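In what follows, a structure is listed as structure tokens, so that the remarks can point back to it.
The values are calculated or read from the model by the stated rules, or taken from the named source; none is laboratory data. From a predicted model like this one, the values you see are computed outputs, not experimental measurements. Virtual Cβ from ideal backbone geometry, glycine too; neighbours counted across all protein chains shown. Remember, those area values only see protein heavy atoms, side chains included, never the ligands or the DNA or RNA. Shrake-Rupley method; radii C 1.70, N 1.55, O 1.52, S 1.80 Å.
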Amino acid sequence: MDTTLWGVLLLVLGGFLIGGAYSLWKANRTVAVGLGVCAALAVAAGVLRLGYL
């Protein structure tokens, strides 16, 4: 796969994880924080893969 495609896929994954963290915040904050950390890692990896930094 192309490097740009991996970066975009990681950003999309980060978006899904952020949505999951938001929806779980009231039910289970521990899992929501874990999803938030995973989302931050996915977004950071996507940004770095795309070469924005």
Leading residue by the ranking (surrounded by the fewest Cβ atoms within 10 Å (Cβ to Cβ)) among those in the stretch 2-28 that are touching a helix residue (DSSP H, G or I) at 6+ places or on another chain (Cβ under 8 Å), over 12 Å from Ala42 (Cβ atoms) and of a type in the set (A, V, I, L, M, F, W, C)
Trp25
For a quick check of your reading of the model, give me the residue pairs whose first member lies in the stretch 1-19 and is in a helix (DSSP H, G or I), whose second is open to solvent by 70 Å² or more (accessible area, probe 1.4 Å), with beta-carbon atoms closer than 7 Å and at least 6 apart or on different chains.
Thr3/Arg49; Trp6/Arg49; Gly7/Arg49; Leu10/Arg49
Among the residues of the stretch 29-44 satisfying the criterion of being under 11 Å from the mean Cα position of the chain (by Cα) and open to solvent by 40 Å² or more (accessible area, probe 1.4 Å), which is nearest to Gly19 (Cα to Cα)?
Leu35
With respect to Val47, determine if the residue is among the hydrophobic types (A, V, I, L, M, F, W, C), in a helix (DSSP H, G or I) and loosely packed, with under 14 Cβ neighbours inside 10 Å.
no
Result of the Cβ filter at 6 Å on the stretch 27-53, keeping first residues that are at positive phi and partners that are modelled with pLDDT of 95 or more and open to solvent by 40 Å² or more (accessible area, probe 1.4 Å), at least 6 apart or interchain, is none
